[in-house]
Amino acid sequence: MKTYITFILIPFFTLSQIDTIYFTSANPFSFKDVITDLDSQEKQEVYGILRLPNEFENKKRPVIIALAGSEGWAEHHYEYLKMYRELGIATFEVCSFKSRGVFSTVGTQIDVTTAMMVLDSYRAFETLSNHPNINSKKIGITGWSLGGGVTFFSAWNPLKNAINSDVNFAAHLALYPPCIVTPENLNFSDAPMHILIGELDNWTPAQACVDLLKSINKENINLTIYEEAHHSFDRNTEPVVKENGYILKKCRFKMKENGTVVMNFLNIPMSSPFLQKIGLAGCAKRGPTYGGNQVTKIKAMYFSKEFMKKNLLN
């Protein structure tokens with residue numbers, strides 16, 4: 001594992017420590033690849049950016065592992081991470097895209113998949129657990145859109161047992177994740193989990209999350225739906241149409257215990273990029289709306305702050 005440590009100067013002449021940390025992950029296309037054939041997957045070097053609070057005092061801190069959406073890291077993501085560090089919580093930006101030479105997966109979702117990013121998050125957890133400034137008992141996870149789906153399914157126990165049963169995230173906060181896949185095995189973590197999503201979201205619809213949580217039926221998993229809010233409600237730009245994105249309002253898929261996602265017709269496994277494209281063609285359209293709602297953003301950031309304070313600092 002290679003680690004590069006850099007100190008940068010920020011306003012008021014205080015120092016913030018930044019580590020670029022490399023670790024070994026892999027490139028599974030699907031959850032099935034993780035659950036049934038993880039050892040055979042192509043290895044992949046991945047890196048992330050660890051940022052410690054300004055006054056870290058050389059002691060162990062909680063950390064939040066963070067994962068971006070299909071367009072990669074953006075300004076609004078960094079606002080959350082800055083907020084967490086001001087609380088005294090370290091942050092770790094997983095660079096799943098750039099590590100693989102990818103800049104966006106909008107409209108394809110095949111170059112960097114949810115399965116790859118879930119595995120990245122586990123390998124990041126393992127690596128950070130050995131860091132001298134990290135409290136391994138207080139590692140949370142958060143993500144937006146695609147990263148929100150990673151955050152949610154990082155709590156699915158069949159994946160955990162396949163990757164590393166000793167990894168225990170202390171909290172999962174998923175912002176507008178795709179909830180369109182319901183597992184047959186509904187065995188999820190007992191850790192605190194919460195979804196924040198917009199009422200008007202047609203990219204990753206809120207109703208799918210309502211349905212999924214109803215199926216799981218666990219008291220530790222909760223949901224907040226914000227009125228008059230689209231996908232990416234915490235962006236600093238007005239809502240616009242994303243021409244090549246997917247509208248997933250009518251899509252619902254089942255996932256078998258071994259991680260195989262099947263189409264709504266004939267139960268055909270969506271086990272390759274081609275089959276996944278066929279499966280989505282049967283229910284999805286192009287052109288979802290995404291963009292900011294400043295009132296909702298304030299509410300979401302406040303909730304996120306309190307959620308992480310409660311579960312990582314207490």
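Couple of notes before you dig in:
- Any hit, region 186-206, residues being within 26 Å of Ser165 (Cα to Cα) and of a type in the set (Phe, Trp, Tyr): yes
- Condition met for Thr204 (assigned to a loop (DSSP other than H, G, I, E, B) and surrounded by 22 or more Cβ atoms within 10 Å (Cβ to Cβ)): yes
- Within region 164-201, if we keep just the residues that are of a type in the set (A, V, I, L, M) and under 21 Å from Met263 (Cα atoms), the residue that is surrounded by the fewest Cβ atoms within 10 Å (Cβ to Cβ) turns out to be Leu186.
- Number of the condition not met by Lys249 [criteria: (1) at pLDDT below 95; (2) assigned to a helix (DSSP H, G or I); (3) of a type in the set (D, E, K, R)]: (2)
- Residues of region 58-112 satisfying the condition of being β-branched (Val, Ile, Thr) and modelled with pLDDT of 95 or more: Val63, Ile64, Ile65, Ile89, Thr91, Val94
- Odd one out for Trp73 among (1) farther than 25 Å from Glu257 by Cα; (2) more than 16 Å from the chain's Cα centre (by Cα): (2)
- Any hit, region 112-124, residues being surrounded by fewer than 22 Cβ atoms within 10 Å (Cβ to Cβ) and of a type in the set (Gly, Ala, Ser): no
- Asp190 vs. criteria over 20 Å from Tyr22 (Cα atoms), free of Cβ contacts under 8 Å to residues at least 24 places away in the same chain, of a type outside the set (Ser, Thr, Tyr) and assigned to a loop (DSSP other than H, G, I, E, B): no
- Among residues of region 268-314, those that are at pLDDT below 85, touching a helix residue (DSSP H, G or I) at 6+ places or on another chain (Cβ under 9 Å) and not in a loop (DSSP other than H, G, I, E, B), counted: 1
- Hits in region 62-106 (condition: hydroxyl-bearing (Ser, Thr, Tyr), touching a residue at least 40 places away in the same chain (Cβ under 8 Å) and either under 18 Å from Pro177 (Cβ atoms) or part of a loop (DSSP other than H, G, I, E, B) (or both)): Ser70, Tyr80, Ser96, Thr105
- Selected residue [under 16 Å from the mean Cα position of the chain (by Cα) and outside any loop (DSSP other than H, G, I, E, B)] from Ser121, Ser136: Ser121
- Considering region 230-241, and only residues there that are within 20 Å of the chain's Cα centre (by Cα) and not polar (S, T, N, Q), the residue that is surrounded by the fewest Cβ atoms within 10 Å (Cβ to Cβ) turns out to be Arg235.
The values are calculated or read from the model by the stated rules, or taken from the named source; none is laboratory data. Quantities reported herein were computed from a predicted structural model and do not represent experimental measurements. Virtual Cβ from ideal backbone geometry, glycine too; neighbours counted across all protein chains shown.
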